[in-house]
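Working notes, beginning with the structure itself.
The values are calculated or read from the model by the stated rules, or taken from the named source; none is laboratory data. Remember, predicted model here, so these are calculated numbers, not experimental data. Neighbour counts run over all protein chains shown; Cβ positions are idealised from the backbone, glycine included.
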Amino acid sequence: MAQRKLVPTPDNYAKIFAEISGTPSMTNNGAEQVLQDIAEYLQKTEETAASGNALKTIINQADWAQCGTELENILSSIPDDSKAAQPWAV
(Lines give C-alpha, C1' and ligand atoms only; values in the text may rest on other atoms or scores of the structure.)
Protein backbone atom coordinates (compact mmCIF):
# COMPACT_ATOMS: atom_id res chain seq x y z
CA MET A 1 0.00 0.00 0.00
CA ALA A 2 2.89 2.33 0.69
CA GLN A 3 4.20 1.95 -2.87
CA ARG A 4 0.82 2.94 -4.27
CA LYS A 5 0.37 5.62 -1.63
CA LEU A 6 -2.94 4.11 -0.58
CA VAL A 7 -4.63 5.12 2.63
CA PRO A 8 -4.74 2.14 5.05
CA THR A 9 -8.50 1.60 4.94
CA PRO A 10 -10.29 -1.75 5.25
CA ASP A 11 -11.26 -1.55 1.57
CA ASN A 12 -7.66 -1.01 0.50
CA TYR A 13 -6.44 -3.88 2.69
CA ALA A 14 -9.09 -6.12 1.11
CA LYS A 15 -8.05 -5.09 -2.41
CA ILE A 16 -4.37 -5.76 -1.75
CA PHE A 17 -5.12 -9.09 -0.05
CA ALA A 18 -7.26 -10.19 -3.00
CA GLU A 19 -4.54 -9.12 -5.42
CA ILE A 20 -1.78 -10.99 -3.57
CA SER A 21 -3.83 -14.12 -2.92
CA GLY A 22 -5.20 -14.25 -6.45
CA THR A 23 -8.79 -14.40 -5.24
CA PRO A 24 -11.55 -12.14 -6.45
CA SER A 25 -12.20 -9.14 -4.27
CA MET A 26 -15.25 -9.64 -2.10
CA THR A 27 -16.09 -5.97 -2.12
CA ASN A 28 -18.23 -4.74 -4.96
CA ASN A 29 -18.48 -1.03 -4.46
CA GLY A 30 -21.10 0.26 -6.87
CA ALA A 31 -20.34 3.90 -6.12
CA GLU A 32 -16.68 3.37 -6.91
CA GLN A 33 -17.62 1.75 -10.22
CA VAL A 34 -19.82 4.72 -11.14
CA LEU A 35 -16.96 7.10 -10.34
CA GLN A 36 -14.58 4.97 -12.47
CA ASP A 37 -17.07 5.15 -15.34
CA ILE A 38 -17.30 8.94 -15.01
CA ALA A 39 -13.50 9.23 -15.02
CA GLU A 40 -13.25 7.04 -18.13
CA TYR A 41 -15.92 9.11 -19.88
CA LEU A 42 -14.05 12.32 -19.07
CA GLN A 43 -10.81 10.84 -20.42
CA LYS A 44 -12.36 10.43 -23.88
CA THR A 45 -12.20 14.08 -24.92
CA GLU A 46 -9.20 16.36 -25.02
CA GLU A 47 -11.04 19.11 -23.12
CA THR A 48 -11.83 16.92 -20.11
CA ALA A 49 -9.01 14.36 -20.22
CA ALA A 50 -6.96 16.06 -17.50
CA SER A 51 -9.94 16.03 -15.15
CA GLY A 52 -10.63 12.40 -15.99
CA ASN A 53 -7.02 11.42 -15.34
CA ALA A 54 -6.96 13.28 -12.03
CA LEU A 55 -10.25 11.72 -10.94
CA LYS A 56 -9.10 8.22 -11.87
CA THR A 57 -5.87 8.65 -9.88
CA ILE A 58 -7.80 9.87 -6.85
CA ILE A 59 -10.27 6.98 -7.08
CA ASN A 60 -7.44 4.44 -7.33
CA GLN A 61 -5.92 5.95 -4.19
CA ALA A 62 -9.33 5.74 -2.48
CA ASP A 63 -8.96 9.34 -1.33
CA TRP A 64 -12.68 10.05 -1.07
CA ALA A 65 -12.35 13.53 0.41
CA GLN A 66 -10.16 14.59 -2.52
CA CYS A 67 -12.54 12.80 -4.90
CA GLY A 68 -15.38 15.00 -3.68
CA THR A 69 -13.25 18.10 -4.16
CA GLU A 70 -12.30 17.04 -7.69
CA LEU A 71 -15.95 16.37 -8.58
CA GLU A 72 -16.86 19.84 -7.31
CA ASN A 73 -14.12 21.32 -9.52
CA ILE A 74 -15.37 19.38 -12.53
CA LEU A 75 -18.98 20.40 -11.97
CA SER A 76 -18.10 24.04 -11.41
CA SER A 77 -16.26 24.12 -14.73
CA ILE A 78 -19.41 23.22 -16.67
CA PRO A 79 -20.75 26.34 -18.38
CA ASP A 80 -24.12 27.55 -17.17
CA ASP A 81 -26.22 27.43 -20.35
CA SER A 82 -29.22 28.93 -18.60
CA LYS A 83 -27.60 32.36 -18.98
CA ALA A 84 -27.03 31.93 -22.71
CA ALA A 85 -29.55 33.28 -25.18
CA GLN A 86 -32.04 30.67 -26.20
CA PRO A 87 -32.39 30.28 -29.99
CA TRP A 88 -36.18 30.44 -29.72
CA ALA A 89 -36.01 33.73 -27.79
CA VAL A 90 -34.32 35.72 -30.57
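Looking at the stretch 5-53, which of its residues are part of a helix (DSSP H, G or I), under 16 Å from Trp64 (Cβ atoms) and β-branched (Val, Ile, Thr)? Full working, then the answer.
Our first condition is that a residue be part of a helix (DSSP H, G or I); within the stretch 5-53, this holds for 10-21, 30-42, 49-53.
Keeping just the survivors that are under 16 Å from Trp64 (Cβ atoms) gives 10-15, 30-36, 38-39.
Hits for the stretch 5-53 are Val34, Ile38.
Here's the yes/no breakdown for (1) under 16 Å from the mean Cα position of the chain (by Cα); (2) loosely packed, with under 10 Cβ neighbours inside 10 Å; (3) more than 17 Å from Leu75 (Cβ to Cβ):
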{"site": "Ala14", "(1), (2), (3)": "no, no, yes"}
{"site": "Glu19", "(1), (2), (3)": "no, no, yes"}
{"site": "Gly22", "(1), (2), (3)": "no, yes, yes"}
{"site": "Gly30", "(1), (2), (3)": "yes, yes, yes"}
{"site": "Leu35", "(1), (2), (3)": "yes, no, no"}
{"site": "Leu42", "(1), (2), (3)": "yes, no, no"}
{"site": "Glu46", "(1), (2), (3)": "no, yes, yes"}
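Please work out if Ala39 is touching a Leu at 6+ places or on another chain (Cβ under 6 Å), closer than 24 Å to Gln3 by Cβ, at pLDDT 85 or above and among the aliphatic types (A, V, I, L, M). Lay out the reasoning, then the answer.
Details: touching a Leu at 6+ places or on another chain (Cβ under 6 Å): yes; closer than 24 Å to Gln3 by Cβ: yes; at pLDDT 85 or above: yes; among the aliphatic types (A, V, I, L, M): yes.
When the stated conditions are applied, Ala39 passes them.
Test Lys5 against the criterion of being of a type in the set (Lys, Arg), within 18 Å of Thr57 (Cα to Cα) and loosely packed, with under 13 Cβ neighbours inside 10 Å, and give yes or no.
yes
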